[in-house]
Amino acid sequence: PGLYEKYQQWGIISGDEVDGGFVPTFKGGIVLDTRDNQPNPMKGVWTEAVIEVAPKILGAESSFSKLSLTHRQYFTIVPNNLSLVYRLAYQTTLGGEVPFYYQSQVITSMMTGATSEGLGGGSTIRGILRNRVIGDGVFYGNLEARWKVARFNFIKNNFYIGLNGFTDFGRVTKKITVNPNSTMGLPGDYLNRGAEKMHYSYGGGLIIAMNENFVIAMDYGMAANKQDGKSGFYMGLNYRF
């Protein structure tokens, strides 16, 4: 049996949640956006506060509420060519009991599909295994330098090549409560109650952009701790934040 089956045997995952479930939610919040350019801002902030509620009245198996705070800021180092950017995010459960299969959901003001899951992976902590860091409350951040190395004209369009250097980090701030009786006597290979600390990764990326607004991004990140994985390569559209 794998770890998922063992979690069922130990009672960490309840029988009601084994096969997933239905989670209807209400979400509301406020956003402050002063970015000078959405695809690649050189200055400004993008800050949001979001509350999400899953009420039983709509058919949810258990009711709960979560709060998410995200702040992104952009600084110009060399006009038009070099910027320093960062993102800090905090998410926690305000009340209720969150099903285990929903704890990986990263709440934002916009629905972004599979990229709303973390922590770990191309959208949150690059180089660390996806969903490696999960808790009832989490904090994560990114610090990144973005340099537009070369500009050229091709097929009557303006292009630039960019390079990025970054470090990502995150940790659990509120652990998921489990029945103490279900974890008593487990060997350390499965459970280390005092192991949680900040998780770090670092890496670099290549950007190919057309007309300042169509961006192809490639990032390669490496985990600082082998328990978080080895490395990851990510390719997609737009900067990560």
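Is the range 6-23 home to any residue that is open to solvent by 30 Å² or more (accessible area, probe 1.4 Å) and assigned to a strand (DSSP E or B)?
No.
Looking only at the range 26-39, count every residue that is more than 18 Å from Asn238 (Cβ to Cβ) and open to solvent by 50 Å² or more (accessible area, probe 1.4 Å) and tell me the total.
So the count comes out to 6.
Out of Ile57, Ile51, which single residue is among the aliphatic types (A, V, I, L, M) and more than 21 Å from the chain's Cα centre (by Cα)?
Exactly one residue qualifies, and that residue is Ile57.
Please give the number of the condition Leu82 fails out of (1) modelled with pLDDT of 95 or more; (2) under 24 Å from Val133 (Cβ atoms).
(2)
Take the range 54-83 and flag every residue that is over 19 Å from Ser104 (Cβ atoms) and open to solvent by 70 Å² or more (accessible area, probe 1.4 Å).
Lys56, Ile57, Leu58, Phe75, Ile77, Pro79, Asn80
Residues that are under 24 Å from Gly229 (Cα atoms) and modelled with pLDDT of 95 or more: does the range 91-103 have at least one?
yes
Looking at (1) over 22 Å from Gly141 (Cβ atoms); (2) out of contact with any Asp or Glu (no Cβ under 7 Å at 6 or more places or on another chain), can you tell me which one Asp16 breaks?
(2)
Does the range 79-105 hold any residues that are without any contact (Cβ under 8 Å) to a residue 40 or more places away in the chain and part of a strand (DSSP E or B), and which are they?
Gly95, Gln105
Sort out which residues of the range 74-110 are closer than 16 Å to Glu48 by Cα and among the aliphatic types (A, V, I, L, M), and write them in order of number.
Leu88, Ala89, Val106, Ile107, Met110
Show the residue pairs that are 6+ apart or on different chains and have beta-carbon atoms under 7 Å apart, the first residue being within the range 24-38 and under 17 Å from Gln73 (Cα atoms) and among the acidic types (Asp, Glu), the second being in a loop (DSSP other than H, G, I, E, B) and open to solvent by less than 70 Å² (accessible area, probe 1.4 Å).
Asp36/Met42
If the Cβ limit is 6 Å and pairs must be 6+ apart or interchain, which residue in the range 218-230 that is more than 28 Å from Ile161 (Cα to Cα) pairs with which residue that is of a type in the set (D, E, K, R)?
Asp228/Arg132
Only residues that are open to solvent by 30 Å² or more (accessible area, probe 1.4 Å) and part of a loop (DSSP other than H, G, I, E, B): list them for the range 40-53, please.
Residue satisfying the conditions is Lys43 alone.
The values are calculated or read from the model by the stated rules, or taken from the named source; none is laboratory data. This is a predicted model, so every value here is computed, not measured. Neighbour counts run over all protein chains shown; Cβ positions are idealised from the backbone, glycine included. The accessibility values were calculated without ligands, DNA or RNA, using every heavy atom of the protein model including side chains. Shrake-Rupley method; radii C 1.70, N 1.55, O 1.52, S 1.80 Å.
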